[in-house]
Amino acid sequence: MGFAQKKYIQLLVPLALSAAQGCAEWPRHQHKPSINADALSPDQPPQDGLKFDWSEHESIEGDNDQPSDPLPIQVGEGIFASGSLSGMGWSPDETPDRISSCGETRAFPPAAPGDYTGDVDWITISPSENGTLCMKMGTDIETARIDAPLYVLDDCNEPTSVFVHPDSETPIGLNVASAEAQWAIPVSSGPVLAIGIAGFFPDDVSLDAEWWINLSLAPSVDGAGASLCPEEYR
Ligand SMILES: [Ca+2]
Ligand SMILES: [Ca+2]
């Protein structure tokens, strides 16, 4: 199938904040006096003042076809995880279940009509404070097209809403380049979130794609957008 057959849906959007919010007011530190040795000089990129504490999430066992117990993450922390997508593809003829066990409308899969025909792998997180969630991922099948959206889970651990771009209302992380994809979006503490990684092109259920992902929680600063995301990843 071509990309055009796969239409994006918009469901129960909790937040519609831009990952690319204007950076016009940045950097604010230029207008502040330096008070200690760690202070940024005006010509340093803002990321230089932030140190991320990275931890590697052990490889996910089993099929990982559903969101699982959330990994806690706080501002200044990063999670590195990896796995393998066994098969990619999309069939417009599939009819996914759109009601969660709790009776809410499921936001997965994030497009309609149809469903993924290959593997879906999940990373589940629980931000312990407000921040900007920074995502960067890729696979070793560089020509593939991937979805890596961010969902909010309901009490039954099922994805019932998806974060969208404010302008287009298209979910973030949809139809991204498999070689390397990234987004950043403000999140708040409380709801359990999950990223569902799946490939829809090429349509090949025998394909094995090794994936990696970096998730980090940067401070949310008005106007900073994604500029506080880590410059270097794992
Ligand atoms: Ca899976
Ligand atoms: Ca897998």
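Below, the figures for the structure above:
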item	result
Residue among Glu158, Glu142, Glu129 that alone is out of contact with any strand residue (DSSP E or B) (no Cβ under 7 Å at 6 or more places or on another chain), of a type in the set (Asp, Glu) and within 18 Å of Asp53 (Cα to Cα)	Glu129
Scan of region 97-129 for residues that are hydrophobic (A, V, I, L, M, F, W, C) and in contact with an Asp or Glu (Cβ under 7 Å, 6 or more places away or on another chain), ordered by number	Cys102, Val120
Residue within region 119-136 that is aliphatic (A, V, I, L, M), within 14 Å of ligand 1 (Cβ to nearest atom) and surrounded by 22 or more Cβ atoms within 10 Å (Cβ to Cβ) present	yes
Looking only at region 150-171, and only at residues there that are under 14 Å from the mean Cα position of the chain (by Cα) and at pLDDT below 95, the one that is farthest from Leu217 (Cα to Cα)	Thr170
Residue in region 92-111 that is at pLDDT 95 or above, within 16 Å of ligand 2 (Cβ to nearest atom) and either surrounded by fewer than 18 Cβ atoms within 10 Å (Cβ to Cβ) or assigned to a strand (DSSP E or B) (or both) present	no
Breaking point among (1) assigned to a loop (DSSP other than H, G, I, E, B); (2) touching a Gly at 6+ places or on another chain (Cβ under 7 Å); (3) more than 16 Å from ligand 1 (Cβ to nearest atom); (4) not acidic (Asp, Glu), for Trp54	(1)
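The values are calculated or read from the model by the stated rules, or taken from the named source; none is laboratory data. Since we're looking at a predicted model, the values are computed, not measured. Cβ atoms come from the backbone with ideal geometry, glycine included; neighbour counts cover every protein chain shown.
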